[in-house]
Amino acid sequence: MLISTKTVGSKKPLFADFSVPLPPDFDNGGDGSWTLGDLIALVVRHEVEAFRRRQSERQFIKVLTSHEIEEGVAKGRVQMGTSEITPQTVNVADAIATALTAFEDGLFLVIIDEKRYHNLDEAVFVTPDSRLTFIRLTLLSGA
């Protein structure tokens, strides 16, 4: 399933589109056993795992190639990459709860295959080729 993000009033997406695989037990038969809340939780779990993988990859020691050293010398600074990063912990349950609360509070909309969903308990019907779009709403200022 393809995930895309948008912000009201902006032409640029928040993030590049990415894919989330549907689990084997995901019911495409249409009995409504999966809800919008389940689908949002699936995406949040996937993104937390991706965050953990990226964080783990940053912990490895990076060895510069001779080409990277030469480029750094030409720029006047040879750098080993990013500075020391303190690992962050993410509680999946808290992340899911935050996303569900944000949806209920109207901070973002969810569109699946051109159909807007309004309720976390609504049944969702998606396929591996579906597009799920999160649209972040912005608050008006000065009102």
What number goes with the only condition from (1) in a helix (DSSP H, G or I); (2) under 30 Å from Arg131 (Cβ atoms); (3) open to solvent by less than 90 Å² (accessible area, probe 1.4 Å); (4) modelled with pLDDT under 90 that Phe26 does not pass?
(1)
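Would you call Ala102 out of contact with any His (no Cβ under 9 Å at 6 or more places or on another chain) and at pLDDT 95 or above? Even if it seems obvious, please write down each step before you answer.
Working: out of contact with any His (no Cβ under 9 Å at 6 or more places or on another chain): yes; at pLDDT 95 or above: yes.
Yes, satisfied.
The values are calculated or read from the model by the stated rules, or taken from the named source; none is laboratory data. The structure displayed is predicted, hence computed values, not measured ones. Positions of Cβ are backbone-derived with ideal geometry, glycine not excepted, and every protein chain shown enters the neighbour counts. Calculation scope for accessible area: heavy atoms of the full protein, side chains included, ligands and nucleic acids excluded. Shrake-Rupley method; radii C 1.70, N 1.55, O 1.52, S 1.80 Å.
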